[in-house]
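Participant: Shown below is the structure under consideration.
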Amino acid sequence: MKKPVKVLLLVLAGIAVIVLAIVIFISTAKIPEFEVDYPDLSVEATPERVAEGERIASVICMQCHASTDGKLGGAYMADAQDFGEIYASNITQHPDVGIAGYTDGELAYLIRSGVDRDGKYIPPWMPKFPLLSDEDLYSVIAFLKSDHPMVQPSDLEQPEPKPSFFAKFLLRTGLEPLPYPDEPVVAPPKSDQVAYGRYLAVGKFDCYSCHSASFAKMDPLQPENSKGYFGGGNVLYDKEMNKVYSSNLTMDEETGIGSWTREEFVMALRFGRKPDGTTVQPPMAPAPRITDEEASAIWAYLQTIPVIRNEIE
Ligand code: HEC
Ligand code: HEC
């Protein structure tokens, strides 16, 4: 063999070995575990909190955790296929397959930071709620522990997640739990409509994550720093795995919702009807339980954020 050919073969073999090593490195990634200090918490379950927790869960948690038996028994998440075979857990009070064993502090840590009671990190297939106010967090916990029919034991057993190569790649990029806040988290007063609207849009109802450019370029602690904040274009899937791009919710007149009225926005958000007569498509779920007052506050807040020109297909 001529010398240059030999050298070339050696280089190619070298590259093949490196690629193989990287593939093995990624495919052996495990979901990491962390040692955390769960907060010492005992939530007082007032009827108001249980009711508000049920409402928050109906807007957020039920989208993934609702089961066919009418409870929060969990479900397969077809729209998370990029991440692998993912199942939202059974979060009813079943002692074996549900979350009966969780303390209030462990639930708080999981919802805010994304670490379960065994120390296992919850990858991005479940959102985290670091900016949810303590009061709203306590409401969710009070609801999960209440005698509401949706959280009574469901015996559905959800399998462990089977992460795809892509998800394992993400795990190798050093994903970490969000820091648990050491200061109280307090929602702004309703009287400050814009601040309150921001709280609803980023802290409580998590609108910005779907409605910014990419889940991978989100900043959960400072949502405004997320790529394409509220400019839409994030890729989501409906149940049949068709791609659906999130809408541009900034006030650009042509590519956003700048030509809508407040009433039109409230109608689209709460009841899924758009000004042109079409309906909002899944996975965007109309949220009738978001009140008119809350929808108006979100609208007021959206008036104040930087306008992004981004044409959505
Ligand atoms: C986008 C889908 C999605 C949403 C929305 C969501 N979850 Fe989850 N949740 C998941 C998935 C998926 C898992 C399983 C994670 C795993 O096993 O890695 C999970 C796990 C959990 C667990 C851990 C259960 C266990 O057995 O350890 C709890 C508790 C939980 N979720 C509560 C909630 C609450 C409360 C809300 C609403 C505030 C919520 N989730 C919203 C997808 C979601
Ligand atoms: C699970 C991801 C997801 C979440 C969470 C979400 N949206 Fe959406 N939203 C979408 C997608 C995808 C569309 C595009 C649907 C379509 O084309 O009909 C959409 C469409 C909309 C529209 C219609 C806009 C238009 O131009 O047609 C409005 C208004 C809207 N969302 C507001 C909100 C608000 C406010 C929140 C928070 C309370 C929110 N969305 C939460 C994914 C989401």
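Participant: Evaluate the following for Met251: is it assigned to a loop (DSSP other than H, G, I, E, B) and away from ligand 2 (no atom under 11 Å from the Cβ)?
Facilitator: yes
Participant: Would you say Ala108 is at negative phi and within 16 Å of ligand 2 (Cβ to nearest atom)?
Facilitator: Considered against the rule, which asks whether it is at negative phi and within 16 Å of ligand 2 (Cβ to nearest atom), Ala108 comes out as no.
Participant: Of all residues in segment 251-295, which are touching a residue at least 60 places away in the same chain (Cβ under 8 Å) and either acidic (Asp, Glu) or open to solvent by less than 20 Å² (accessible area, probe 1.4 Å) (or both)?
Facilitator: Selection gives Ala287, Ile290, Glu293, Glu294.
Participant: Which residues, taken from segment 219-248, are over 15 Å from Ile312 (Cα atoms), modelled with pLDDT of 95 or more, part of a loop (DSSP other than H, G, I, E, B) and in contact with a helix residue (DSSP H, G or I) (Cβ under 9 Å, 6 or more places away or on another chain)?
Facilitator: Ser226, Lys227
Participant: Tell me which residues, restricted to segment 177-196, are among the small types (Gly, Ala, Ser) and open to solvent by 40 Å² or more (accessible area, probe 1.4 Å).
Facilitator: Answer for segment 177-196, where residues must be among the small types (Gly, Ala, Ser) and open to solvent by 40 Å² or more (accessible area, probe 1.4 Å): just Ser191.
Participant: A follow-up question, please. Give segment 224-245 a look and list any residue that's more than 9 Å from ligand 2 (Cβ to nearest atom) and open to solvent by less than 20 Å² (accessible area, probe 1.4 Å), or say none.
Facilitator: Scanning segment 224-245 gives Ser226, Tyr229, Phe230, Gly231.
Participant: A follow-up question, please. For segment 74-86, which positions are surrounded by 17 or more Cβ atoms within 10 Å (Cβ to Cβ) and touching an Asp or Glu at 6+ places or on another chain (Cβ under 8 Å)?
Facilitator: Of everything in segment 74-86, just one residue is surrounded by 17 or more Cβ atoms within 10 Å (Cβ to Cβ) and touching an Asp or Glu at 6+ places or on another chain (Cβ under 8 Å), namely Asp79.
For every residue, the table says whether it meets (1) buried (at least 19 other Cβ atoms within 10 Å of the Cβ); (2) within 18 Å of Lys162 (Cα to Cα); (3) in contact (Cβ under 8 Å) with a residue 12 or more places away in the chain.
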| residue | (1), (2), (3) |
| --- | --- |
| Gly70 | no, no, yes |
| Ser89 | yes, yes, yes |
| Ile99 | yes, no, yes |
| Ser113 | yes, no, yes |
| Asp134 | no, no, yes |
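Participant: Which residue pairs have Cβ atoms under 8 Å apart, sit 6 or more places apart or on different chains, and have a first residue in segment 296-312 that is touching a residue at least 12 places away in the same chain (Cβ under 8 Å) and under 16 Å from Thr261 (Cβ atoms) and a second that is open to solvent by 80 Å² or more (accessible area, probe 1.4 Å) and assigned to a loop (DSSP other than H, G, I, E, B)?
Facilitator: Hits for this filter: Ala297/Lys190.
Participant: Applying the selection to segment 165-176, what residues are free of Cβ contacts under 8 Å to residues at least 60 places away in the same chain and open to solvent by less than 30 Å² (accessible area, probe 1.4 Å)?
Facilitator: Correct list: empty.
Participant: Something else: (1) part of a loop (DSSP other than H, G, I, E, B); (2) within 18 Å of Trp125 (Cα to Cα): which one isn't true of Ala216, the others all being true?
Facilitator: For Ala216, the failing item is (1).
Participant: Can you tell me which residues in segment 197-223 are away from ligand 1 (no atom under 16 Å from the Cβ), open to solvent by 20 Å² or more (accessible area, probe 1.4 Å) and in contact (Cβ under 8 Å) with a residue 12 or more places away in the chain?
Facilitator: Passing the criteria: Arg198, Ala213, Leu221.
Participant: Under 7 Å by Cβ, and 6 or more places apart or on different chains, what pairs join a residue from segment 23-40 that is under 12 Å from Pro163 (Cβ atoms) with one that is modelled with pLDDT of 95 or more and open to solvent by 90 Å² or more (accessible area, probe 1.4 Å)?
Facilitator: Partner pairs satisfying both residue conditions: none exist.
Participant: It is to be established whether one or more residues within segment 140-152 are open to solvent by less than 30 Å² (accessible area, probe 1.4 Å), farther than 18 Å from Gln63 by Cα and out of contact with any strand residue (DSSP E or B) (no Cβ under 6 Å at 6 or more places or on another chain).
Facilitator: Taking every residue of segment 140-152 in turn, at least one turns out to be open to solvent by less than 30 Å² (accessible area, probe 1.4 Å), farther than 18 Å from Gln63 by Cα and out of contact with any strand residue (DSSP E or B) (no Cβ under 6 Å at 6 or more places or on another chain).
The values are calculated or read from the model by the stated rules, or taken from the named source; none is laboratory data. The structure displayed is predicted, hence computed values, not measured ones. Heads up, the Cβs are rebuilt from the backbone with ideal geometry, glycines too, and the neighbour counts pull from every protein chain shown. Protein only, heavy atoms only, side chains kept; ligands, DNA and RNA dropped before computing areas. Shrake-Rupley method; radii C 1.70, N 1.55, O 1.52, S 1.80 Å.
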